[in-house]
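This report concerns only the one structure given below.
The values are calculated or read from the model by the stated rules, or taken from the named source; none is laboratory data. Note that the structure is a prediction, hence the values are computed from the model and not measured. Here the Cβ positions follow ideal geometry from the backbone for every residue, glycine too, while neighbour counts run over all protein chains shown.
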Amino acid sequence: MAEALTLVVLYCSDIDVSLRFYERLGLSFVKEQHGAGPIHYSSQLGDVVLELYPAGRRPGRVRLAVTIPAALHSALQQATGEASHQPERAVVLEDPDRNQVEITRAHGDVRQPAGASTVLTAETATGRPFELWLEFEHWVAPAGDDPTDDFFNMAITLPSGVRYALNVWTYKAVEAARKDAALGGENLSGRYLEPPDLLVERMDRALLEAVVGDLLARNALREAWRVAEEPETG
């Protein structure tokens, strides 16, 4: 069978409480953080990865990644209006409880996620290619959601294999965070904020590709954003 569950992400209202709960069930977790993104925890359960993330303002509480046969995946793309000119692109749905389900295409006997939904190659202003992963392409926005008022994680991979991870906010999200802090009495009632790595106008792939191209052209990718290479185990 080509069908396979590969990833389960739980968005936790209190991640420390959830971590202790699953650890009591015998699960072992690794603490992770991509750049300045949220601290989260990952556990390998056979062929499935379980991740615990802080809920924040994300819609839903659970995200699943499932691979299905290529023919069924193509039919699902057609039924949902997802274009056939990108056959590898994942289809992201919401179940009746608004949990997110990312449907990817199985490749023969090899089970792997569909790359086009998570990474697309762009040409920078210097003519060098890079791969760009955008977190907002992995969730289903609620009706009326404003792409100019949100925050997300972004990952950049250069041809050399060097990777960068950034926490990005839109301009409006900064003002919303200030107001939330003021109402909640946090950060001296909103008189200061701990800034993200990058501010942008809106959540938009074309814009982010242009931004990364400009950063590369100006040699402005910060060393603090660089993802440390994991040591090889022998």
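Could you give every pair whose Cβ atoms fall below 9 Å, whose first residue belongs to the stretch 19-40 and is more than 19 Å from residue 56 (Cβ to Cβ), and whose second residue is part of a loop (DSSP other than H, G, I, E, B) and at pLDDT below 80, counting only separations of at least 6 or pairs across chains?
Every condition considered, no pair remains.
Can you pull out the residues in the stretch 47-79 that are surrounded by 15 or more Cβ atoms within 10 Å (Cβ to Cβ), under 14 Å from the mean Cα position of the chain (by Cα) and at pLDDT below 70?
Matches in the stretch 47-79: 58, 59.
I need a count of the residues in the stretch 28-46 that are part of a loop (DSSP other than H, G, I, E, B) and modelled with pLDDT of 80 or more.
The qualifying residues number 5.
Could you tell me which residue of the stretch 1-16 is modelled with the highest pLDDT, considering only residues that are under 23 Å from residue 153 (Cβ atoms) and exposed (fewer than 12 other Cβ atoms within 10 Å of the Cβ)?
Checking each candidate, the answer is 16.
Each row is one residue, and each column tells you yes or no for (1) closer than 22 Å to residue 38 by Cβ; (2) buried (at least 18 other Cβ atoms within 10 Å of the Cβ); (3) touching a residue at least 40 places away in the same chain (Cβ under 8 Å).
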{"position": "164", "(1), (2), (3)": "yes, yes, yes"}
{"position": "172", "(1), (2), (3)": "yes, no, no"}
{"position": "176", "(1), (2), (3)": "yes, no, no"}
{"position": "189", "(1), (2), (3)": "no, no, no"}
{"position": "200", "(1), (2), (3)": "yes, yes, no"}
{"position": "206", "(1), (2), (3)": "no, no, no"}
{"position": "212", "(1), (2), (3)": "yes, yes, yes"}
{"position": "221", "(1), (2), (3)": "yes, no, yes"}
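For the stretch 192-232, what are the residues that are in a loop (DSSP other than H, G, I, E, B), at pLDDT below 90 and more than 15 Å from residue 154 (Cα to Cα)?
192, 193, 194, 195, 218, 219, 228, 229, 230, 231, 232
Of the numbered conditions (1) within 24 Å of residue 156 (Cα to Cα); (2) of a type outside the set (Ser, Thr, Tyr); (3) at pLDDT below 70, residue 82 satisfies every one except a single condition; which is it?
For residue 82, the failing item is (1).
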